[in-house]
Amino acid sequence: MRRIHNAGVFVFLSLATVAGGAVYPTHPDWTSSDTQVSTGGALVDLDRDGWLDFVVANGNDMAQQHLVVYYNLGDGTFPLTPDWQSDDVAYHGHVSVADVDGDGWLDVAVAVLGRYSNVDHAAKLYLNHNGTLSALPDWQSDEIANAFGCAFGDVNNDGRPDLAVGTGWAYDPQNYYANYVYLNVGGMLETSASWASDDTYHYQGVHWVDADGDGWLDLVGIPNGQRTQIYFNQGGTLETTASWQTADGADQDAIMATSGDVTGDGYRELIVTDNTQLSGSGLFRQYGGLAAGGFNPTYSWSYFDGYGSAVALADVDADGDLDLATGAWWDSSRLFLNTGEGFPDNASWSSSNTSVIEKIIFGDIDNDGIESHTETFPADGRRLFYLAAQPIQELVAVRRDGVALAPDEYTYSAEFGWVTVAQTPATSLEVEYTTSHAIDMAVTNWDNNVGNYVYYSLLGCAGDLNGDGQTDLVDLAVILADYGCTSDCGHADLNGDGRVDLSDLAILLADYGCN
């Protein structure tokens, strides 16, 4: 529940029912005018000014294009065109973010998909120099391969991010490669992978999760033409032949996976996409976490959406449990709001816009719902710690036995809420971080005739129309100036019904005084 002071009366609003039941407007609040073939995306504070920036990788298998950055203008909005782009071009796939060199600035890795006859280095890395990425890659893999997905993890729990890369070209004629992990050695990724899978399945996505709960991150491979698999981490070394796989999906065309404790039982669930373009069932599938470790090999929840492409977990309605966002090609973005025990059979919300969705990313872009947390973990011999929330907005500090760690002594995933440290705590590990009760949603689009999208949460200061963090007379003036608008009404359309009218004015008045 949220308490808002309105003209001397305390009004109690459930966050899940603010703005007429909507968590987001059905039409995006922001659409970039830069219409490249966008694929990878991340919301990350590159310049450390306290506002999330939007990193987008363009190209896919359609054109050689740039990695770009839309810097937050400092009011929770992005420019319509990128402020920065890389000097090089490539068929870029997905991205992952971590502080590779340990200087306190987050760096960006990119998978390079290429095409059947145009195969490139599987992945590359752009270091962050005080808020600006290198114009050209600082690192690229020795291995030449088609690669669509990459993900930072920490294989050996040394507090430094290692990079997993999923490879393969599933279209005819097919290309086959091993899948790779590049260890972080002294603040830079090794150029030749020290781990390679025995198999050569087409991994269109890779995902790190402690599947068996032993304190080491395991690697999930999300393939085409093969079941989803897990290479378990055996004390810092990944097995090269996966010892777990799903019981279904032998013919799947899976693209992406995510994980989190959906049911609230203390065990993470695994959620996988499936796409019907080459084969597959077209189902988004959830595999339940088991008390004994790992996941149930048979899915317990599913939703059919044909060309399924993207999945992401976040508590979008601020009720304490993880909700699921899904995306598909030439389709809507959808939300499945967690009932407290899992996801409903049908979507709770869907966008009015359709596009070829590649990635869905969550973060508080306009800083209207930021909350601070400090979490303390007693020493138990582990160096991997899962926070109570995912995603997190910012990791503020990590303290081992009361001493603040330097950036090169830990690494973390903001998207999945885990932290690893280089040395085992003797008494405790304390992590200070922020989250948001008003998480915004960004979407990257493959369509080269539309831009990328941002949907602002309606759960923060819903009436904060000018982005100053409070609802006051300035916002009232904004909505009155826009009164009567019936299309593309932007922030003033508070309930997302496509017009600005008395219902939006009522929301603003109910929110008056929010800060």
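The values are calculated or read from the model by the stated rules, or taken from the named source; none is laboratory data. These numbers come from a predicted model, not from an experiment. Counting neighbours? That spans all protein chains shown, and the Cβs are built from the backbone with ideal geometry, glycine included. The accessibility values were calculated without ligands, DNA or RNA, using every heavy atom of the protein model including side chains. Shrake-Rupley method; radii C 1.70, N 1.55, O 1.52, S 1.80 Å.
Rank these residues by their accessible area, most exposed first, probe 1.4 Å: Val100, Val403.
Val403, Val100
Residues of region 387-402 with amide nitrogen under 17 Å from the 7 Å Cα-to-Cβ point of Ser372?
From region 387-402, the list is 393-399.
First select every other residue whose beta carbon is under 11 angstrom from the beta carbon of Ser243; then total the charges, Lys and Arg +1, Asp and Glu -1.
-3
Report, to one decimal in Å, the Kirkwood hydrodynamic radius for region 157-243 based on all distinct Cα pairs.
13.4
Given 20 Å bins starting at zero, what is the percent of C-alpha pairs of the chain in each, up to the one with the largest pair distance?
24, 59, 17, 0
From the Cα trace of region 222-301, what convex hull volume per residue do you get, rounded to a whole Å³?
Value for region 222-301: 93 Å³ per residue.
What percent do you get for the relative contact order of region 196-320 when only Cα pairs under 8 Å and 6+ apart count?
That works out to 19 percent.
If only Cα atoms are counted, what is the Rg of region 283-383, and what is its Dmax, in Å?
Rg and Dmax of region 283-383, Cα atoms, are 16.3, 49 Å.
With every protein chain present, what is the per residue accessible area of the chain (1.4 Å probe, Å²)?
Solvent-accessible surface per residue comes out at 35 Å².
Using a 1.4 Å probe on the protein heavy atoms only, what accessible surface does Val97 show? Give it in Å² to the nearest 10.
So the heavy atoms of Val97 present about 40 Å² to solvent.
Add +1 for every Lys or Arg and -1 for every Asp or Glu among the other residues with Cβ under 12 Å from the Cβ of Ser372, and state the total.
-4
Which value in nm describes the separation of the simple spin-label points at Thr132 and Tyr171, placed 7 Å from the Cα toward the beta carbon?
3.6
Determine how large the accessible area of Met188 is when every protein chain is in place; take a 1.4 Å probe and give Å² rounded to the nearest 10.
Estimated to the nearest 10 Å², Met188 gives 60 Å².
So, by mean Cβ neighbours within 10 angstrom, what's the order for 365-372, 71-78, 306-313 with the highest one leading?
Result, highest mean Cβ count within 10 Å first: 306-313, 365-372, 71-78.
In a shell of Cβ-Cβ distance under 15 Å around Gly306, excluding Gly306 itself, what net charge do Lys and Arg (+1) and Asp and Glu (-1) give?
Net local charge, Gly306 excluded: -2.
Report the gain in length on full extension from Asn118 to Asp251: 0.36 nm times residue separation, minus Cα-Cα distance, nm rounded to one decimal.
Here the segment from Asn118 to Asp251 would lengthen by 45.3 nm.
Please work out the FRET efficiency for the pair Gln234 and Glu341, using the Cβ-Cβ distance as r and a Förster radius of 35 Å; give the result to the nearest 0.05.
It comes to 0.55.
Report the label-to-label distance for Ala291 and Leu502 in nanometres (one decimal), using points 7 Å from each Cα along the Cα→Cβ vector.
With each label placed 7 Å out from Cα toward Cβ, I get 5.6 nm.
Along its three principal axes, how long is region 330-474 when you only count alpha carbons? Whole Å, largest extent first please.
That works out to 53, 40, 34 Å along the principal axes.
Quick one: with all protein chains in place, what share of the accessible area of the chain is carbon or sulfur, to the nearest percent (1.4 Å probe)?
For the chain, the apolar C and S fraction of the accessible surface comes to 49 percent.
Would you mind calculating the gained length between Ser192 and Ser243 on full extension (0.36 nm times residue separation, minus the Cα-Cα distance), in nm to one decimal?
Result: 15.9 nm gained on full extension.
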